[in-house]
Every structure is written in structure tokens, then in C-alpha cells.
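Report on the following structure.
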Amino acid sequence: MGMVTISLAPLDRPTGDLLLLGCFAGEEPPMALLPDGVRAVVQELVRGGGWHGREGQHCEATMEREELPRVALEGLGKRDELDLGRLQSWLAKAVAQAARDEAQRVVLALPEHELTRGAAATGRIIRWLALAQYRFDRFRERDEDQREVREVELLLPDRGAEVAREMAAAQEVAAGIAFARDLANTPPNVATPEWMSDQAELLAAELGAECEVLATEDLERERMGGVLAVGAGSENPPRMVRLSWRGGDGPHVTLVGKGVTFDTGGISIKPSKDMDEMKYDKCGACTVLGLLRAAAKLRLPLRLEVFLPLVENMPDGRSYRPGDIVRCRNGKTVEVLNTDAEGRMILADAMAWAAESAPDYLLELSTLTGACVVALGQNGAGLYTPSDALAGDLADAAERAGERLWRMPLWPEFKESMKGTHADLRNVAGRWGGANAAAAFLSHFVGDVARWAHLDIAGPAYVGSDGEGSKGATGYGVALGVDWLRRLAPAF
């Protein structure tokens, strides 16, 4: 995973290979927490000329201190221009620079700012630092000369119980994100539906959770018509997974994640450009597994169930076709107009099954529509829910986690547009509002669950060929999901 360990540096005698100070342009570096001898060296660096604190500027000096031999100033740019994206990028670049300088243990001090102050800010910073060196290198030759930062010690003035709790939680969230990324980045010739169900079983064994896996005969018995239809064209048969974990007597929460391990579009085949990125159509399933992992490691006193519909959508003589009518678990029939609208077909079965246990909350995550990416871009997800209270809670959780989430409409017109000609429903509507229509389709499968939400994470779930930053899965949704669950958990 390439995880960085985070801890608190002792204020009286911080130790490491490198002291790294973030500095705003035109301001003094954060000196208050530094020992006198170190403070003097930093002041000499600043007075030496040429230091302005511009974004990306780097200045370094050696110190005659065995326990802390080097100090570096890293420019953050103007104070009023710092935002979450820039701070995250700066932390990643600072760790990368420290690694190039062969520092394995780094002491880090950040200036006072609204984005570096408080428990939520501390959690974000720790999470970003822990993941700063994440790489998916399972299929690469090992680089014996790879330089890595192994530990970052933070110089923080606040060292109370809340900070300690936030540090522990943030590192478990980071581990959950790395786990989700690893699953999502795994290529489709490895990550088949069966492989994904195996990973779920391994995670269940690690967490002490119950795991039920439905294979083809089980899916037929349990009336999972959507999953069976989408998976029919692949030599890798479909699976449906249910995991159950109980950490206490708190609210009963069900999590559903779309798991299309590879999506060709089926008979309605996709263009060849960037089709390799369709291994990321399982990011919803990967996210909810990472979310379960983090919640269980934190021992949240909740009752959690996870539902994973797992399929590979391939064109074949047995594939489902445009014009087919499919009956889903709750009895509703769906007229297939486009086999590339497969996610909603498998989620129909999973959400209907999840709703049968009458949970207090049902949260579903999926890379469902390109339309949502058109609407919101690649940096945020669409939020659909009929519950104003749940919408507010999830939006607040996203803001604290530093993950963008924007509420989208579930107007009656969209639900009406999904009515079929020869069946109860159709799986696509017209050209306009495609993400909204897809969400309206899912609303037919939540039963009597009032507090349900669909997160269309197609934009932020991964960075593809047209995105900015490191390519691959992001683990989007784990951080905001854990934050939301922590606030649902009584007395946590």
C-alpha cells in the first residue's frame, strides 16, 4: 500500500531526518513550536535572501543536531489562496521531495490556518499524508532503490484526547481508502466477479463478519433477474455478496456498491477509446468494502450490512439484448433499451434485497452515469435522496472529509420518464437529465426505506486519461462515509 505512519512529535526534542516547515508567502515560518536552536537556523534561512514562500519554493539547510540534522522550508503561496486541493497537493509534493532527499522520518509543522485548525482539518491532513506515497505496483518489478518516507511526526500545539482519537481514526480511514484503491486498480483479467467475492470473504474473516455469496443457482433461486441478465454474456459468472457486521446496537445501515468488474457495454458496445478504464466500473463495490473495513477497525457501534452485485458485462451469444424484458427481485419488470445501462439493472436486485431487512439507512455508491460527470465534472459526486435531513448529514460529512458532494433533483418527472412501454420500467429514458433519470429508476427498488441515498461517483472515483493527477482509483467516498457513520454511532 505504501502507507506513511503518522504520529505526534515531542515538543521538547523532535527527532527525524528532516524538519519540514510549510510557510505562507510574506509570512514568518511557524516558529512557535520549534526548539531555540532550530529556530535560529530557520531565521538564518529566511534572512539569507531569496526566500519568499512562493508556492513550490524550496529552501534547505543542515543543522548541527544529531537528532534532527536538516531543515527545509516549503512555500505554500499566498494565505488567502490556499484551498483543500492545494493543501492536499502540497502535502503530497512535500513528502515526495523529502523522499528524494532520502529522508525516512520527517517532522512537519504547518502554519495556523482555518484549513489546518481543528479536529476535521487534522483528520484530513493525516489521511492525505498517510496516502501521499500510495502506489499500485503489484504488477511491476520491485524497485530496490525506491526512496520512501516511512514516518511523519506532526508538531501540533493541541494534543488532547480529541486529537488523539482523530489521528487514530484518520489512519484507519486512509487504510480503508488504500484497500479500496487496490481492489479497484486490479485489472479485469484478475478481478473477476469471483475474485471480488473472494476478497469480500477474506475481509469478512479478518473483521469477524458474516459473509454470504450467491452463485448462479442461488441467484436464480433468489430471483436476481437483473444480475443474471447482465452477467449472462460473460464466461466469468456473476455473484451477489452480502456481508453483515455488528459493532453494537446502534442504527442499522445498509451499504450497496456497484461491482461491474469490466464493462464493454454489452451488445450496446462502448467505443474502444479509454475502454481500459472500464475496470473502474467496480469502484462502488470497492468503496463500500473499504468503508466497512474502516468502520469495523474503528469498532463503530453500528449494525452494518454490505451488498455487492458483481458482474462482467460482455457481448456474447448469451448476452442480454435491447428489447429484452427482465424481472428483478422485487417483481418489477424492466424493458432493456440499452445494455450499457447495466449498473442500474444489477443495483435494482441489490437494493431491493437490502431494503427487505428494513434498515434505518440505505446508502448506495456507484459509477452509474457519464451524465453526472458532464453535470459536475470529475471532482465531485452527485447526491440523490428524498430525505432533506440525510442530504444535509451527507453533505456535512463530505465537507469535513474534503470530498465534494452536490445534491441533485429527484423530481417526479424523472420517475415518470422511466416507465416502460411493455414492462413496468425501462432502463434508459431520453437524452436529457440522464443521471437524474438513473437515480429515479433506482428509487423503484428501495421499498419502504425512507432514508436512502444514491451517490453517483462516476466523476471522482478514478483519474483517467483526461484527468489531472496520479492515474488510478481514488477511493472516493470512504472518508465521507466513515465521517457520516461516526456521527450516526451513539457515544462515539
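The values are calculated or read from the model by the stated rules, or taken from the named source; none is laboratory data. Everything quoted here is computed from the prediction, not taken from an experiment. Neighbour counts run over all protein chains shown; Cβ positions are idealised from the backbone, glycine included. Just so you know, the surface numbers come from the protein's heavy atoms only, side chains and all, with ligands and any DNA or RNA stripped out. Shrake-Rupley method; radii C 1.70, N 1.55, O 1.52, S 1.80 Å.
Once a ≥ b ≥ c are taken as the square roots of the eigenvalues of the Cα gyration tensor of the stretch 343-492, is the result rounded (a/c under 1.5), prolate (a/b larger than b/c) or oblate (a/b not larger than b/c)? It is oblate, given that a/c is not under 1.5 and a/b is not larger than b/c. Only beta bridges with both residues in the chain are counted; by DSSP, about 40 percent of them are antiparallel. Cross-link pairs exceeding 29 Å in C-alpha to C-alpha distance, out of Lys297/Lys415; Lys258/Lys471; Lys270/Lys297; Lys258/Lys415, comprise Lys297/Lys415; Lys270/Lys297. What you get for the chain, charging only the Cβ of Lys and Arg (+1) and of Asp and Glu (-1), is a dipole of about 640 debye around the Cα centre. Does the stretch 382-470 classify as rounded, prolate or oblate by the C-alpha gyration tensor (a ≥ b ≥ c root eigenvalues; a/c under 1.5 gives rounded; else a/b over b/c gives prolate, otherwise oblate)? Oblate is the answer for the stretch 382-470, as a/c is 1.5 or above yet b/c matches or exceeds a/b. Take the stretch 369-492 with all the other protein chains still there, run a 1.4 Å probe, and you get 45 Å² of accessible area per residue.
Near Ser197, within a Cβ-to-Cβ distance under 11 Å, what is the net charge of the other residues, with Lys and Arg +1 and Asp and Glu -1? Don't skip to the answer; put the middle values down first.
On the way: positive: Arg239, Arg242; negative: Glu194, Asp198, Glu201, Glu212.
Cβ neighbours under 11 Å give a net charge of -2.
Here is how the number arises for the chain: DSSP H runs of 4 or more residues each give -39500 (n - 2.57), the sum is divided by the residue count, and the result at 222 nm is -10500 deg cm²/dmol. A simple count of charges around Val260, restricted to other residues whose Cβ falls under 10 Å of its Cβ and scoring Lys, Arg +1 and Asp, Glu -1, yields -1.
Per residue, the accessible area of the stretch 125-219 comes to 50 Å², computed with a 1.4 Å probe over protein heavy atoms only. Taking the DSSP bridge list for the stretch 223-318 and keeping only pairs wholly inside it, about 45 percent are antiparallel. For the cross-link pairs Lys78/Lys279; Lys273/Lys332; Lys93/Lys279, the ones whose C-alpha atoms lie over 32 Å apart are Lys78/Lys279; Lys273/Lys332. For Met63, the residues whose modelled amide H falls within less than 5 Å of its own, excluding neighbours fewer than 5 places apart on the same chain, are Arg70, Val71.
Considering only protein heavy atoms and a 1.4 Å probe, what is the carbon-and-sulfur percentage of the accessible area of the chain? Its accessible area is 46 percent carbon and sulfur atoms.
Can you tell me, using C-alpha contacts under 8 Å and at least 6 residues apart, the relative contact order of the stretch 32-168 as a whole percent? Don't skip to the end; give the middle numbers.
Details: 132 pairs, mean separation 31.6, N = 137.
So the answer I get is 23 percent.
With the highest mean first, a sort of the peptides 177-187, 276-286, 316-326 on other beta-carbon atoms found within 10 angstrom per residue produces 276-286, 177-187, 316-326.
Could you do me a favour and compute the accessible area per residue for the stretch 9-73, 1.4 Å probe, result in Å²?
Ligands and nucleic acids excluded, the figure is 50 Å² per residue.
Going by a ≥ b ≥ c, the root eigenvalues of the Cα gyration tensor, does the chain fall in the rounded group (a/c under 1.5), the prolate group (a/b larger than b/c) or the oblate group? It is prolate, given that a/c is not under 1.5 and a/b is the larger ratio.
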